[in-house]
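The values are calculated or read from the model by the stated rules, or taken from the named source; none is laboratory data. Bear in mind the structure is a predicted one, so any value in this text is a computation, not a measurement. Reconstructed Cβ throughout: ideal geometry from the backbone, glycine too, with neighbour counts over all protein chains shown. SASA here: full protein model, heavy atoms, side chains in, ligands and nucleic acids out. Shrake-Rupley method; radii C 1.70, N 1.55, O 1.52, S 1.80 Å.
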Amino acid sequence: MIEKMKDHVHKTEKKIIPALGYDFLTAWYDATIRITMPERKFRNLLVDHLNPANGEHILEFGFGTAANLLIAAKKAPNSHFTGLDIDPKIREIAKHKLTKNSLSITLNLYDGTTFPFESNSFDKVVSCLVFHHLDKEAKLRSLKEIHRVLKPGGKLVIGDWGQAKSRMMRMAFYLVQVLDGFKTTNDNVKGLLPEYIQESGFSDVQEVDHINTKIGSFCYYVGDK
């Protein structure tokens, strides 16, 4: 029984994938993004594609340090934002930033499987730099949960690493793969994420934009329920 309990704890711990792949790097996440990516540009473009409107209920899957929530909430103060993540340490960083900016947004934790929300709860779901951390099974499971919690006619917006737009971008992306693992990132760089989104029940799935960064091609995907 004790061995089974230890095995369960071990499996649960493995589900938590820190923002930079390793727990001790979490505190350096914001600084790393600023150094390696055009942060203001890629986050503002993400929010532009999300296009939050008054009264909409919007979920961010994988809120990280709340950088996107800060931008979106200031752009659309009459939208209702909710966050969902798996990492309690990153939530503390996010809470601090939201409090510092006088924003009250509920930040939920979950177990890596079922989202703690009723079906048809949100008008839109946005996710940024999350799916390259997940293997194929976890990608599909998360996408199906997103589809479940979206209202009919709802919209999904994902910003993440995608198929490299040049040989230079492909070479640059090896740095991300070394840090975050080849198993989870291969599907992204092969351009398979839109297929997974469609397989999970979404329609009109498109790659609508991309930005070339110092470490790869950052792509924007949308889909409708």
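For this structure, a couple of remarks:
- Helices (runs of 4 or more DSSP H) fully within region 1-111 counting 2 or more residues that are modelled with pLDDT of 75 or more and open to solvent by 20 Å² or more (accessible area, probe 1.4 Å): 29-36, 39-50, 67-75, 88-100
- Taken as a whole, the structure places GLY154 among residues that are over 16 Å from the mean Cα position of the chain (by Cα), under 22 Å from LEU50 (Cα atoms), in contact (Cβ under 8 Å) with a residue 24 or more places away in the chain and not in a loop (DSSP other than H, G, I, E, B).
- ASN120 meets all of the listed conditions (1) within 21 Å of LEU140 (Cβ to Cβ); (2) open to solvent by less than 60 Å² (accessible area, probe 1.4 Å); (3) touching a strand residue (DSSP E or B) at 6+ places or on another chain (Cβ under 9 Å) but one, namely (2).
- Checking each residue in region 164-194 for being in contact (Cβ under 8 Å) with a residue 24 or more places away in the chain, loosely packed, with under 14 Cβ neighbours inside 10 Å and among the aliphatic types (A, V, I, L, M) picks out only LEU175.
Listed here are the residues, each with its yes/no results for (1) within 18 Å of LEU143 (Cα to Cα); (2) of a type in the set (Phe, Trp, Tyr); (3) out of contact with any Leu (no Cβ under 6 Å at 6 or more places or on another chain).
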{"position": "GLN163", "(1), (2), (3)": "no, no, yes"}
{"position": "SER166", "(1), (2), (3)": "no, no, yes"}
{"position": "PHE173", "(1), (2), (3)": "no, yes, yes"}
{"position": "GLN177", "(1), (2), (3)": "no, no, yes"}
{"position": "PHE182", "(1), (2), (3)": "no, yes, yes"}
{"position": "GLU195", "(1), (2), (3)": "yes, no, yes"}
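- Region 134-161 - residue that is touching a strand residue (DSSP E or B) at 6+ places or on another chain (Cβ under 9 Å) and within 20 Å of LEU175 (Cα to Cα) and, of those, surrounded by the fewest Cβ atoms within 10 Å (Cβ to Cβ): ASP160
Here's the yes/no breakdown for (1) over 14 Å from the mean Cα position of the chain (by Cα); (2) at positive phi:
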| site | (1), (2) |
| --- | --- |
| ASP87 | no, no |
| SER104 | yes, no |
| GLY112 | no, yes |
| HIS133 | no, no |
| ALA138 | no, no |
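- In region 195-206, the residues that are open to solvent by 30 Å² or more (accessible area, probe 1.4 Å) and within 16 Å of the chain's Cα centre (by Cα): none
- Every residue from region 207-225 that is under 24 Å from GLU137 (Cβ atoms) and either without any contact (Cβ under 8 Å) to a residue 60 or more places away in the chain or assigned to a helix (DSSP H, G or I) (or both): GLU207, GLY216
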